[in-house]
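Scroll down for the structure; my scribbles are underneath it.
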Amino acid sequence: MENTQISSKPSFFTKERGFYRTLFSMMIVVALQNLVAYSVNMADNIMLGGYDQNALSGAATVNQIFFMVQQVALAISNSLVVLASQYWGEKRVEPIRTITGIALKLGLICSIIIIAVCVFIPRPLLMLFTTDEQIIDEGLGYLSLIQWTFILFIMTNILMAALRSVETVKISFYTSVVSLLVNVGINYVLIFGHFGFPEMGVRGAAVGTLVARILEFIIVVFYLLKIDKKLHLFSGGLFKKNPGLRKDYTKVTVPVMLSQVLWGVSVPMQTAILGHLSADAIAANSVATTFYQYLKVIVIAMSSTSSVMIGNAIGRGNMDRIKSDARTLAVINVLIGLVLGIVLFLLRYPLLSMYKLSDTATDLAINLIAIMSIVMVGMSYQMPVSYGIIQGGGDAKFNMAMNMISTWVIVMPLSFMAAFWWKLPVELVVLCIQSDQIFKGLPTFIRFRSYKWIKKLTKPET
């Protein structure tokens, strides 16, 4: 890639104050949005947990399907950001509109396929995750409504990704807050039958989620139509045919989709490994993972923000500035990871005091949180650098190769052997399952320092 701007003497770290203002303001808002969005999903589980165990299990089973929907949405959205943020760096909006249209069409196709599977073979689908007839019956009631949220979730995430690529992120946070409040409110009324409404149980939770997803979509579309001043998404060019842009988007999407989906398939298998351990181990891991996941939303925000920042830098075309921005982001990510790891470690006793666990489960949870604290530091480097900087810089194939090798060649076989062959202690089994967050750091660092991931993906104006 050629340097298209005249730069001053290059510095190791970026010194421009505007860079840090944009970085931290975007990161904070995206982290809050991720936190609230995660809480929307948790609301059904928490409230159903206070209603009926089979209802909770049925919803949790369906959420395994929704988890895969999330991976599809992430792949389509992240691929959009990779391309669109580079065009935004060049201040060219029309290609962003066209790429968004391509992403929306792909999202629609994927949604139709997923919903068709849920409509025509719902019972066999749920039987992949459980054979308990009571849980399956509750799951079928939940899935019959939740399946229609999949298309809304995917479309909303694509539109939010388009906005994020042009550094508009606050609307995503506000939308998620409204969604959470609506979901919790409807859940309270319909799950338990308050205020004269019928007691609907798991179907009440599904209604709450469906209404929340509809509202999310309406708010984002309204914002794009009436308030947005950057994209003007519906002003023309959204569904314009452009074979060149479609080819560019496909090149990014295919490896990203493979990476996300194959990793997504491994997660239920990892859960199944732990599910064959003792009841204390399952409870301890569930508690430890909950705390870990809440802090992980910050790491995901770091990845999303890094992707936009690097894409914009590549779009501007200053090679020295791209490198200094990348180095700055990498160091900030490590520092934030250290803080997150320390916070998780120090809060392990106060957090566990909120739960009523057996002594054995409590001791296990303490050890697992200590392990997660170390994993958090490794993840805070490798995820934002590999997904944010390297993939955001246009190199999607590296992530695909690294994830496929680490997950399916190393982590899964190692975890199975640790649990069922060597019969290692629970702490070591969990460490094996989470080990990719540590050992992926070295190849990520080597690839990062090569700067071969810097790829100009934009096409010149014609």
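The values are calculated or read from the model by the stated rules, or taken from the named source; none is laboratory data. Keep in mind that this is a model prediction, so the values were computed, not measured. Please note: Cβ atoms are built from the backbone with ideal geometry, for glycine as well, and neighbour counts cover all protein chains shown. To get the accessible areas, we keep the full protein, side chains included, count just its heavy atoms, and leave off ligands, DNA and RNA. Shrake-Rupley method; radii C 1.70, N 1.55, O 1.52, S 1.80 Å.
Numerical summary
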{"read-out": "Additional length obtainable on full extension of the chain from MET404 to SER11, 0.36 nm per residue less Cα span", "value": "137.9 nm"}
{"read-out": "1.4 Å probe accessible area per residue over the range 29-77, in Å²", "value": "34"}
{"read-out": "Longest DSSP-loop-exposure-free segment, GluC sites (Glu not before Pro), the chain, at most 15 other Cβ within 10 Å", "value": "200-460"}
{"read-out": "Over the chain: helical MRE at 222 nm, DSSP H runs n ≥ 4 each giving -39500 (n - 2.57), nearest 500", "value": "-25500 deg cm²/dmol"}
{"read-out": "12 Å reach of a label modelled at PHE222, 7 Å along Cα-to-Cβ, counting backbone N of the range 149-187", "value": "175, 178-179"}
{"read-out": "Solvent-accessible area per residue for the range 92-140 (1.4 angstrom probe, square angstrom)", "value": "49"}
{"read-out": "GLU199-LEU442 pseudo-label distance in nm [points 7 Å out on the Cα-to-Cβ vector]", "value": "5.9"}
{"read-out": "Distance between modelled label sites at THR250 and HIS276, nm, 7 Å Cα→Cβ extension", "value": "4.1"}
{"read-out": "Of all accessible heavy-atom area on the range 358-447, the percent that carbon and sulfur account for (1.4 Å)", "value": "76"}
{"read-out": "Ratio Rg/Rh, restricted to the range 1-160 and using Cα atoms, in which Rh is the Kirkwood radius", "value": "1.12"}
{"read-out": "In degrees, nearest ten, helix 359-383 long axis to first principal axis of the chain (Cα)", "value": "10"}
{"read-out": "On Cα atoms only, tilt of 170-192 relative to the major axis of the chain in degrees", "value": "10"}
{"read-out": "Carbon and sulfur %, accessible surface of the range 249-325 computed with the full protein complex present, 1.4 Å", "value": "68"}
{"read-out": "Cβ-derived FRET efficiency at R0 35 Å, ASP363 paired with SER144, nearest 0.05", "value": "0.25"}
{"read-out": "Nearest 10 degrees, 0 to 90: helix 319-346 Cα axis against the chain principal axis", "value": "20"}
{"read-out": "Trypsin sites (Lys or Arg not before Pro) lying in DSSP loop within the range 179-288, provided at most 13 other Cβ fall within 10 Å", "value": "LYS229, LYS240, LYS241"}
{"read-out": "With every protein chain in place, the range 154-209: carbon and sulfur % of accessible area (1.4 Å)", "value": "69"}
{"read-out": "For the chain, alpha-carbon Rg and Dmax in angstrom", "value": "22.3, 71"}
{"read-out": "Inter-probe distance in nm under a simple model that places probes 7 Å from Cα toward Cβ, at MET269 and ARG123", "value": "2.9"}
{"read-out": "Those residues of the range 46-64 whose amide nitrogen sits under 16 Å from the label point placed on LYS356, 7 Å along Cα→Cβ", "value": "49-53"}
{"read-out": "Above-threshold pairs, the threshold being 28 Å between Cα atoms, out of LYS91/LYS247; LYS15/LYS240; LYS229/LYS397; LYS226/LYS456; LYS229/LYS456; LYS105/LYS226", "value": "LYS15/LYS240; LYS229/LYS397; LYS226/LYS456"}
